[in-house]
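Quick note: the coordinates plus some simple rules give every number you see, no bench work behind them. The structure displayed is predicted, hence computed values, not measured ones. For neighbour counting, all protein chains shown are included, and Cβ atoms are generated from backbone atoms with ideal geometry for every residue, glycine included.
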Amino acid sequence: MTDATDAPSARGAAVGRGIGIGLMYGLFRPRVLGAWRVPASGPVILAVNHSHNIDGPMLMGTAPRPVHFLIKKEAFVGPLDPFLRGIGQLKVDRTTVDRTAITHALGVLGDGGALGIFPEGTRGEGDFASLRSGLAYFAVRSGAPIVPVAVLGSTERRGRLISALPPLRSRVDVVFGAPFEAQEGARSSHEGGGRRAGGSGRRTRKALDEATLRIQARLTGHLEHAGRLTGRTG
């Protein structure tokens, strides 16, 4: 059983969004395209490419809704631990089947919230080349639509003052794609105005593998489209 007091707070995520807006727009010049594609209410999964550490905060500050991110447990150290928990973020152990993280993530979607996921699992090329099945599991289990998100420009140059960050006031593009279902022909309970998630898709290993391939194709296609749209490739 999980402790309800450890469950991510919707109010905390709203505070986190405010912090993200202040930091990201204060330090950089985000250009946001397609934010209107994110459903205004109901469960949704934001699937983000991940090539830089600012990609998560950038999405938190530019998404039209508060986002609960699944974040590796290694980030929850020292004062960051209570801070990340306080702003509604979810700690996940990537070395095992983290049932607490799974329960909390499904709880976010069940309550009609927005769940942020880096489907590649770790920071890398940010090209969606290697997807884990976790995204498909959450989408099929909850019935929530997936919105692909491309963050471009965060790795083009290093800042002079802080080399680990892009140059201050540099432009970072955040492109939201059209929502889609994990399984072809699936119809999730968010359609028709429902707020709670409740997927009815097949959850066999074969079905999840097929859903993962479908998701990968859609995410890769969105990334390519975003690159053409913005004139950037990463």
Practice item. Would you kindly derive the ³J(HN,Hα) couplings of region 40-45 from the backbone phi angles with the Karplus curve 6.51 cos²θ - 1.76 cosθ + 1.60 (θ = phi - 60°), listing them in order in whole Hz, with x for Gly and Pro? Key: 5, 8, x, x, 8, 10
**Study point:** Spin-label model distance (nm) - ALA75 vs ASP111, 7 Å beyond Cα toward Cβ
**Key:** 1.9 nm
Check your understanding: At what distance in nm do the modelled label points of THR96 and ASP209 sit from each other, each positioned 7 Å from its Cα along Cα→Cβ?
Key -> 2.7 nm
Check your understanding: Once phi is turned into ³J(HN,Hα) by the Karplus curve 6.51 cos²θ - 1.76 cosθ + 1.60 with θ = phi - 60°, what whole-Hz value does each residue of region 133-139 show in order, with x for glycine and proline?
Key -> 7, x, 4, 4, 4, 5, 5
Check your understanding: Short version: ³J(HN,Hα) in whole Hz for each residue of region 166-178, in order, from phi by Karplus 6.51 cos²θ - 1.76 cosθ + 1.60 (θ = phi - 60°), x for Gly and Pro, what are they?
Key -> x, x, 4, 6, 7, 8, 10, 8, 10, 10, 8, x, 6
Revision key, fill the gap. Sorted by chain and number, the residues with a modelled amide H under 5 Å from that of ARG94, at a separation of 5 or more or across chains, are LYS73
Check your understanding: Can you list residues whose amide H is under 5 Å from GLY112's amide H, if they're 5+ apart or on another chain and H is modeled 1.01 Å from N?
Key -> ALA197
